[in-house]
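Engineer: I'd like to ask some things about the structure below.
Read-outs throughout are calculated quantities, based only on the coordinates presented, and are distinct from any laboratory measurement. Source: prediction; values computed, not measured. Glycine gets a Cβ as well: all are built from the backbone with ideal geometry, and neighbour counts include every protein chain shown.
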Amino acid sequence: MKINIHLLHQYPQYIPRLAQIWQEVLGERWLPGIPLKNIEKRFQDHLNTETLPLTYVALENMTPVGMVSLRVTDGVRPDLTPWLGSLVVDTAYQGLGVGKSLVKKAEEKVREMGFEKLYLLTFDTTLEGWYGQMQWSKIGYDQLQGKLVTLMSLELSKSFKNV
């Protein structure tokens, strides 16, 4: 399996499929009721290359299998920036390293942009350990749309690129 990661800017035609993956993997469980068209619209705003928000897409044989976004904010703690968000991988590709590759690509980008820290939130407490393997640290909790979320941060000088 060969996965290539590119900016969504290069492949906007994949937004409908990526919106479906987002809805299947994240939305239905944690943020139900968001119409697919709203999800697609959100990612239309992520077609940047050098400014936030932007999104990376993981492709296998030109088929989108996952994505990750970088944003100025992700709905909580506007004093912290930038945020890694919308990390989703098609269920058929989970457990194969696609998610870690997407996170690494996002880390490289924010490091290039001059940031020293990166933040994320997760609804799923079981993911704390997964992110911890990549040197992310829990920094607290918050609420997003009435649900408890775990906040995590990464010192980019300590990211798993250097481990």
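Engineer: Nearest 20 debye, what's the magnitude of the dipole of the chain about its Cα centre given +1 on Lys and Arg Cβ and -1 on Asp and Glu Cβ?
Structural biologist: For this selection, approximately 120 debye.
Engineer: For each pair in 41/104; 41/100; 37/109; 2/105; 2/41, compute the distance between the two Cα atoms and list the pairs where it is over 22 Å.
Structural biologist: 41/104; 41/100; 37/109; 2/41
Engineer: Answer with one residue from 58, 133, 38: the one whose Cα lies farthest towards the positive end of the charge dipole of the range 3-155, charges on Cβ with Lys, Arg +1 and Asp, Glu -1.
Structural biologist: Most positive-ward Cα: 38.
Engineer: Let me ask something else. Looking at 13, 99, 151, which one has the Cα that reaches farthest to the positive end of the dipole of the range 3-155 (charges on Cβ: Lys, Arg +1; Asp, Glu -1)?
Structural biologist: My answer, from the dipole projection, is 13.
Engineer: Contour minus end-to-end for residue 41 and residue 137, with contour as 0.36 nm per residue of separation and end-to-end as the Cα-Cα distance?
Structural biologist: Separation in residues times 0.36 nm, less the Cα-Cα distance, equals 31.4 nm.
Engineer: At what distance in angstrom do the alpha carbon centres of the range 68-111 and the range 8-24 lie from each other?
Structural biologist: Centre-to-centre distance over Cα atoms comes out at 15 Å.
Engineer: Principal axes first, then extents: for the Cα atoms of the range 5-163, list largest minus smallest coordinate on each axis, whole Å, largest first.
Structural biologist: On the principal axes, the range 5-163 reaches 34, 34, 29 Å in Cα extent.
Engineer: Turning to a different aspect of this structure: Normalise the Cα radius of gyration of the range 84-146 by 2.2 N^0.38 Å (N = residues in it) and let me know the number.
Structural biologist: 1.18
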